[in-house]
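All remarks here apply to the structure that follows.
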Amino acid sequence: MKLAYLINTYPRASHSFIRREVQALERLGWEVQRFAMRSARSELVDPADIAEDARTEHVLKAGAWGVTKVALAWMARRPGRAMSALRLAWRCGVAANDRLRHLIYLAEGAVIARRCYDLRIPHVHAHFGTNSTTVAMLAQALGGPSFSFTTHGPEEFDAPMALSLPEKLHRAAFAVAISSYGRSQLFRFATLPDWTRIHVVHCGIEPWRFSEPAVLPTGGPHLVAIGRLAEQKGFPLLIEAMAQARETTPTVHLTLVGDGPLRDELESRAASFGLQKHLTFAGWQDEAGVRAALAAATALILPSFAEGLPVVVMEAMAAGRPIIATSIAGVPELVTPDVGWLVPAGDPAALAAAVATLARTPPETLQLMGMAARTRVLARHDINSEAEKLTTLFASRGRA
């Protein structure tokens, strides 16, 4: 059973959930060919990511002329398909106000179509409903394999028309959302007959990597926040909330795991609030480092403004940790009242109040919340179970 996966840039440190999905499919007997437009090898640190990079065929590695030669040769043998795909690419380019870029996607689609023909691959699955799915759709229009795609959000839902999301939903064999919330957003942009081909398959974790949870630390509370230090993650607001929480909970401490463009600003902001003794910037950590940070924490705190369904919340729950999170997107599907606290997004006072509630909660209750969190996530997000759902969809090509 052959299958191709297509991602724009792969692997990346933030895309370990895709690697886990691919490897789970391989354990089920699929032969998965990884395609990506480009590599981020210079940024990779984790040995697992470096090994995955070596398994991935990067289309743009051939250079502009190499891609163009393959594309022109493929299209010359299929002039009717080429004209139809050109019209589709132009239409999508008009919607995105970027016609030239979509002509590049057309050439990339021809390369994917050719490589799938050479490798006898009948189907391509793209992750993210952005340019990777555009390339997969154009590859099909050029006479290549059928395609499907997984949307994560929030990018796809922020600009659905510019991304030609309705067109993709109509042409795909099926589409996947990672949460019920995500599926509801796809319903908004799909025609009613296309609804039956929109499915929920969660991102998954590997349960065997999470041994019995460590005992909750004493004192604190010790909070951990994990994510890229970028605008949508809400970390500037979290620092403000920490300053407020310190007033009622002077022993509170936050470890911030991750790196990104806002790091300098966040460090300056923390210093301006006098939080040097209450906040540790741990920088980027590999998967083992993240698990160690969770083991040392009382709870995970997620202050995001926009998310899909955060894998870091799943990992924290598997580690037996309660959650404080903003009530956005698919997060309420994970964080129920028995496993943590949900607060309105953009409200530092609500975050601080949740920290104070956490601090007042007896350790025995927190331990029970952590165990409930672990039970819930292992039941809903085992990567092997989610890969089996995908296998059913791939085998049927999404037929209702």
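What follows draws every value from the coordinates through simple rules; no lab data is involved. Predicted, not measured: the structure shown is a model, and the values here were computed from it. Don't worry about glycine lacking a Cβ; one is built from the backbone with ideal geometry, like all the others, and counts go over all protein chains shown.
What the table below lists for this structure:
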| quantity | calculated |
| --- | --- |
| Approximate shape of the stretch 1-91 as ellipsoid semi-axes (Cα gyration tensor, √5λ), whole Å, largest first | 29, 17, 12 |
| Size of electric dipole in the chain: Cβ of Lys, Arg +1 and of Asp, Glu -1, about Cα centre, debye, nearest 20 | 1680 debye |
| Order of LEU44, LEU223 - criterion: other Cβ atoms within 10 Å of each residue's Cβ, fewest first | LEU44, LEU223 |
| Net charge, GLN185 excluded, C-beta distance under 14 Å - Lys, Arg +1, Asp, Glu -1 | -3 |
| Net charge dipole size for the stretch 209-380 [Lys, Arg +1 and Asp, Glu -1 on Cβ; Debye, nearest 20] | 300 debye |
| Farthest toward positive dipole pole in the stretch 1-143 [+1 Lys/Arg, -1 Asp/Glu at C-beta], among ALA82, VAL32, THR68 | ALA82 |
| Alpha carbon centroid spacing (whole Å) that separates the stretch 78-104 from the stretch 324-376 | 47 Å |
| From the C-alpha gyration tensor of the stretch 172-281, square roots of 5λ in Å | 38, 20, 13 |
| Pairs of Cα atoms farther than 21 Å apart, the stretch 312-400, % | 41 percent |
| Helix runs (DSSP H) in the chain reaching 27 Å along axis by Cα, Kyte-Doolittle at least -1.0 | 99-119 |
| Listed peptides 270-277, 151-158, 176-183, 247-254 by packing density, highest first (mean Cβ within 10 Å) | 176-183, 151-158, 247-254, 270-277 |
| CD proxy at 222 nm, helix term only [per DSSP H run n ≥ 4: -39500 (n - 2.57); per residue of the chain; nearest 500] | -15000 deg cm²/dmol |
| Value of Rg/Rh across the chain [Cα atoms, Kirkwood radius] | 1.01 |
| Sequence of PHE149, PHE187, PHE17 once ranked by neighbouring C-beta atoms within 10 Å, starting from the fewest | PHE187, PHE17, PHE149 |
| Cut-off 17 Å (backbone N to label point 7 Å along Cα→Cβ of ARG209), residues of the stretch 299-314 | 309-314 |
| Förster-model FRET efficiency, 25 Å R0, GLU155 and ASN384, C-beta, rounded to 0.05 | 0.35 |
| Using a Förster distance of 25 Å, the FRET efficiency for ALA230-ALA292 (Cβ separation, nearest 0.05) | 0.60 |
| For the stretch 240-314 versus the stretch 5-37, the gap between their alpha-carbon centres in whole angstrom | 29 Å |
| Exposure proxy order (Cβ contacts within 10 Å, fewest to most) of VAL45, VAL59 | VAL45, VAL59 |
| Phi-based couplings in Hz for the stretch 224-234 (Karplus 6.51, -1.76, 1.60; Gly and Pro marked x) | 10, 10, 10, x, 5, 7, 9, 4, 5, 7, x |
| Percent of Cα-Cα distances greater than 21 Å, calculated over the stretch 209-380 | 40 percent |
| The stretch 93-242 - Rg and Dmax from Cα coordinates, angstrom | 19.7, 63 |
| Residues listed by number, the stretch 219-261, amide nitrogen under 18 Å from SER14 label point at 7 Å toward C-beta | 225-238, 256-261 |
| Residues listed by number, the stretch 85-111, amide nitrogen under 18 Å from ALA162 label point at 7 Å toward C-beta | 90-105 |
| Computed lengthening from ASP98 to LEU192, 0.36 nm per intervening residue step minus Cα-Cα distance | 31.0 nm |
| Extension gain, TYR117 back to ASP264 (0.36 nm per residue minus Cα-Cα distance, nm) | 48.1 nm |
